[in-house]
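What follows is a single structure, written as structure tokens, with notes after it.
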Amino acid sequence: MTTHRTVAQATAAARLLGLLARDLPPDRLTTDPAATAPYATDRSGARTDGQPLAVVHARDTDEVRCVLRHANELRVPVVPRGAGTGLSGGAAADEGSIVLDLSGMSRIVELSPDDQLAVVEPGVVTADLDRAAAAHGLRYAPDPASAAISTVGGNIATNAGGLRCAKYGVTRDSVLGLTAVLADGTVVRTGRRTVKGVTGYDLTALLTGSEGTLAVITGATVRLRPVPVATATIAAYFDRVEDAAAASSAITAARVEPAMCELLDGPVLGAIDAAQGTGLRARGAALLLVQCDGAGAIAEAERVAAVVGDRATSVEVAADPAEAESLLAARRLALPSLERVGRPLIEDIAVPRSRLAEAVRAVEAISVRYDVPVFTLAHAADGNLHPIIVVDPALPELPETAWKAASEIFAVALRLGGTLTGEHGVGALKRQWVAEELGADNHALQQRLKSAFDPHHILNPGKAV
């Protein structure tokens, strides 16, 4: 039976490659193993067995339709991919799959200042969209730390968050409509260009965060917002990371809504210093970086400084935009700095904001118990922690202690009323824990939704649900 199945799969794969070579422009299809091998992993470091059959470098919706129509008929798996910056293994392609590389679909099709929206292809780099909007006094609010390299399509696939989500929400809050191709090649358009609209089921919200398992996104209408008239940035240093976490909760309790509130613990500060030549760690064992924006930014910043002052060892308001930008740049460089230390296993739990300090204490205890280094970042105002386990990159696979520590971190999140992932997605790395969070009935319903969109389960199999 196994031999028959393997032969059948090989026959289907050969047939698919022939059809794609016939129906696509000659420069779209790549089958060279040296060129396809990097697609077996993403930035998470998660690696599948083997490598994909081929990569299709799509340039428009019709080419995506062509790939999916043939792949669906022949039951060959398809893995959609943007820049490959995902942190959960969601874009890692399995043996025998076709990678649908959408990074070449990178046009900003329309930017409407009057309607404060943009229509983009999925391969547009997030920061490029933000810069284009800035020319009109607008910005694209989602602001993942990877904005300079990640794509809008990838952000939509994972419902990415980022630094500004404390005030402006996650990617889903900025997506008005989508163009998507279903597994059988059917093109659907969801949502609308208006800010409000409740006709039918909200398929835009459903597809946002579906990690390429329900459809392939080939276009998006996204909301833009005015650039704030003013910003004020506060840097507060603390002797203990749990004091910084408690200070963040106190900001929320004081009814202040900052645009961002980022927490970095001592090990993260030390890693940034080592990689970037800064001197952050000498100023404290934790940093809370808060930015307020809008007409009341200065008054809000003063309120934040007063709220955190009792817990902090020092509080500084960065009035100089260049100084504020240097602090934010240090935050964005945290992950690249940690990647110089070792191989990071990047966790992405979220807990109720009032329980952030409790979660931080629990993570510290887990690190000690398993003797596993854990570097903690957090979008603190969201209760979204990134406890990053860093291991020796020379090891062929993650040690068992790292997996045990990660499993306990997930358990802490659920025990505190939180979630396994706040913004990075489930991908391949967290799939075994999904049923525990969702419960049996919810999990079964989500699997039925998957089957309704993708009856033959060709879209990014083994991911998300």
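Observations on the model:
- Filtered residues of segment 400-426 (kept if more than 23 Å from the chain's Cα centre (by Cα) and either crowded, with 16+ Cβ neighbours inside 10 Å or without any contact (Cβ under 8 Å) to a residue 24 or more places away in the chain (or both)): E400, R415
- The residues of segment 331-374 that are of a type in the set (A, V, I, L, M), closer than 21 Å to D243 by Cβ and either in the same structural domain as A160 (by TED's automatic domain parsing) or in contact (Cβ under 8 Å) with a residue 60 or more places away in the chain (or both), listed by number, are A334, I349, A350, V351, L356, A357, A359, V360, V374.
- Flag if A259 is farther than 17 Å from K167 by Cα and either among the small types (G, A, S) or not assigned by TED's automatic domain parsing to the domain that holds A297 (or both): no
- Screening E397 against (1) outside any loop (DSSP other than H, G, I, E, B); (2) closer than 21 Å to R343 by Cβ; (3) more than 18 Å from the chain's Cα centre (by Cα); (4) not aromatic (F, W, Y) leaves a single unmet condition, (1).
- Residue-level analysis places G284 outside the set of residues that are exposed (fewer than 14 other Cβ atoms within 10 Å of the Cβ), more than 23 Å from the chain's Cα centre (by Cα) and farther than 17 Å from R255 by Cα.
- Any hit, segment 203-217, residues being outside the structural domain of A58 (by TED's automatic domain parsing), part of a strand (DSSP E or B) and hydroxyl-bearing (S, T, Y): no
- Test for R28: is it more than 27 Å from R340 (Cα to Cα) and surrounded by 14 or more Cβ atoms within 10 Å (Cβ to Cβ): yes
- Scan of segment 217-233 for residues that are at pLDDT below 95 and either crowded, with 21+ Cβ neighbours inside 10 Å or in contact with a Lys or Arg (Cβ under 8 Å, 6 or more places away or on another chain) (or both), ordered by number: A232, T233
Yes or no, residue by residue, for (1) surrounded by fewer than 20 Cβ atoms within 10 Å (Cβ to Cβ); (2) closer than 30 Å to D392 by Cβ:
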| site | (1), (2) |
| --- | --- |
| V56 | no, no |
| R59 | yes, no |
| A71 | no, no |
| L87 | no, yes |
| G104 | yes, no |
| I108 | yes, no |
| A118 | no, no |
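- Total residues in segment 126-146, condition crowded, with 21+ Cβ neighbours inside 10 Å and of a type in the set (A, V, I, L, M): 5
- Test result for A157, part of a helix (DSSP H, G or I) and either surrounded by fewer than 24 Cβ atoms within 10 Å (Cβ to Cβ) or among the basic types (K, R) (or both): no
- Scanning segment 151-165 for residues that are in contact with a strand residue (DSSP E or B) (Cβ under 7 Å, 6 or more places away or on another chain) and hydroxyl-bearing (S, T, Y) returns a single hit, T151.
- The numbered conditions (1) surrounded by fewer than 19 Cβ atoms within 10 Å (Cβ to Cβ); (2) in contact (Cβ under 8 Å) with a residue 60 or more places away in the chain are all true for R303 except (2).
- Residues of segment 160-216 that turn out to be in contact (Cβ under 8 Å) with a residue 40 or more places away in the chain, more than 16 Å from P122 (Cα to Cα), of a type outside the set (V, I, T) and surrounded by 17 or more Cβ atoms within 10 Å (Cβ to Cβ), as a count: 10
- Of all the residues in segment 416-452, those that are assigned to a helix (DSSP H, G or I) and in contact with a strand residue (DSSP E or B) (Cβ under 8 Å, 6 or more places away or on another chain) number 1.
- One residue stands out in segment 1-25 among those that are touching a His at 6+ places or on another chain (Cβ under 9 Å) and surrounded by fewer than 18 Cβ atoms within 10 Å (Cβ to Cβ): the one that is modelled with the lowest pLDDT, namely R15.
- Filter result (in contact with a helix residue (DSSP H, G or I) (Cβ under 7 Å, 6 or more places away or on another chain) and under 17 Å from R47 (Cβ atoms)) within segment 390-410: V391
- The set of residues from segment 218-236 being assigned to a strand (DSSP E or B) and within 19 Å of D114 (Cα to Cα) comprises A220, T221, V222, R223, R225, P226.
The values are calculated or read from the model by the stated rules, or taken from the named source; none is laboratory data. Only a predicted model underlies this, so the values are computations on that prediction, with no experimental measurement involved. Cβ sites come from the backbone with ideal geometry, for glycine too, and all protein chains shown count toward neighbours.
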